[in-house]
Amino acid sequence: MEIIRTSSEMQKRALELRAAGKKIVLVPTMGFLHAGHASLIDIARREGGVVAVSIFVNPTQFGPNEDLDKYPRDFKHDCELCAEHGADIVFAPEPAEIYSPGHSTWVVEEKLSKGLCGRTRPIHFRGVATVVTKLFNLTQATVAVFGRKDAQQALIIKRMVRDLNMPVRIVVAPLVRDADKVALSSRNRYLSESERIAARSISRALLAAEPTLRPETAADAVATVRAAIEAAGGKIDYVEALSADTLDPVTAGSRSILLAVAAWFGPTRLIDNVLVEF
Ligand code: AMP
């Protein structure tokens, strides 16, 4: 497995691979990899090209009071996991490799990024769309795999690729849960033992709502999930049921619903969702 640290080397290698007729499958991550990330690498592997995993804690997607400085890192373990799952390249640049001094060009999606996480994290998706565009350019990816854990992010990336005619196919992978059903996340590392137990209320409530989630039950589901998380001591950022492909309000004609949560347990903000298609 190759480890590449600079943007120039990454792009040079990618252009060589493409010139040799190879397909490049990118898995963008912020590192501190877990089984959710591993499932993305497995899916990327099945695409049959050269699998590149990027590990980059992207500063521009963090707000001023967010957890950029304490975001967990373990590069050695990340490389072991990538190698075990058959990644060919790990691209792990420092921020200075990605952002030149005076960087002033941004990619902004203007509809899907307004609600849900965009309401409390107003610059977040601008940072995500910009860094993903840069990663596509640096790795010359033909396919990129994203997780449904970040359902809004995956939708925004798909919209960006469509709107800007980017020659990349986006694959959205299922959400992977831990044994206690909590959605796997690098940020789970921040939770104390009691917060972790309380945080199970999110997935418990979402998974309980899932089997009967329909346009006519969506409002009740939101109220029930909200109450369950609050009863466990969580502070709600949002609980919303939206049409899953547009993030518009659910109507009687909606063919799919995304029931999405962001909630705080102590200092840790967690997100989770269920998606029902009918
Ligand atoms: P992150 O490192 O948190 O930025 O995540 C990198 C990629 O892994 C994103 O596409 C996430 O949606 C995906 N991911 C993170 N956690 C999970 C999970 N529990 N299940 C599936 N995908 C995940």
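The values are calculated or read from the model by the stated rules, or taken from the named source; none is laboratory data. A quick note: this is a predicted structure, and the numbers were derived from the prediction, not measured. Here Cβ is always computed from backbone atoms with ideal geometry, including for glycine, and neighbour counts include all displayed protein chains.
Taken across region 17-30, residues that are in the same structural domain as L138 (by TED's automatic domain parsing), in contact with a Lys or Arg (Cβ under 6 Å, 6 or more places away or on another chain) and within 16 Å of the ligand (Cβ to nearest atom) do not occur at all.
Going through (1) touching a Leu at 6+ places or on another chain (Cβ under 9 Å); (2) buried (at least 18 other Cβ atoms within 10 Å of the Cβ) one by one, T130 falls short only on (1). Within region 1-13, the set of residues being under 23 Å from S39 (Cα atoms) and surrounded by 16 or more Cβ atoms within 10 Å (Cβ to Cβ) comprises just one member, I4. Looking at the structure I just gave you, is A199 within 15 Å of the ligand (Cβ to nearest atom) and in contact with a Gly (Cβ under 9 Å, 6 or more places away or on another chain)? Criteria met by A199.
Pairs are defined by a Cβ separation below 6 Å, a sequence spacing of at least 6 or placement on different chains, a first member in region 153-165 that is touching a residue at least 40 places away in the same chain (Cβ under 8 Å), and a second member that is within 14 Å of the ligand (Cβ to nearest atom); the pairs so defined are I156/F125; M160/A129. Candidates G31, G21, G48, G63: the one that is in contact (Cβ under 8 Å) with a residue 40 or more places away in the chain, surrounded by fewer than 15 Cβ atoms within 10 Å (Cβ to Cβ) and in a loop (DSSP other than H, G, I, E, B) is G63. Yes or no: region 126-134 includes at least one residue that is farther than 28 Å from D237 by Cβ, part of a helix (DSSP H, G or I), polar (S, T, N, Q) and out of contact with any strand residue (DSSP E or B) (no Cβ under 7 Å at 6 or more places or on another chain). So far as region 126-134 goes, no, none of its residues is farther than 28 Å from D237 by Cβ, part of a helix (DSSP H, G or I), polar (S, T, N, Q) and out of contact with any strand residue (DSSP E or B) (no Cβ under 7 Å at 6 or more places or on another chain). D180 fulfils the conditions (1) on the phi < 0 side of the Ramachandran plot; (2) assigned by TED's automatic domain parsing to the domain that holds G49 except for a single criterion, (2). For region 168-186, the count of residues that are away from the ligand (no atom under 14 Å from the Cβ), over 23 Å from V27 (Cα atoms) and more than 16 Å from the chain's Cα centre (by Cα) is zero.
Just one residue in the set D237, D245 is touching a residue at least 40 places away in the same chain (Cβ under 8 Å), more than 16 Å from the ligand (Cβ to nearest atom) and within 26 Å of S39 (Cα to Cα); that residue is D245. One residue stands out in region 171-186 among those that are of a type in the set (V, I, T) and assigned to a strand (DSSP E or B): the one that is surrounded by the most Cβ atoms within 10 Å (Cβ to Cβ), namely V172.
P249 satisfies every condition listed in (1) in contact with a Lys or Arg (Cβ under 7 Å, 6 or more places away or on another chain); (2) at negative phi except (1). Set side by side, the residues T6, T105, T60 differ, and just one is touching an Asp or Glu at 6+ places or on another chain (Cβ under 6 Å) and polar (S, T, N, Q), which is T6.
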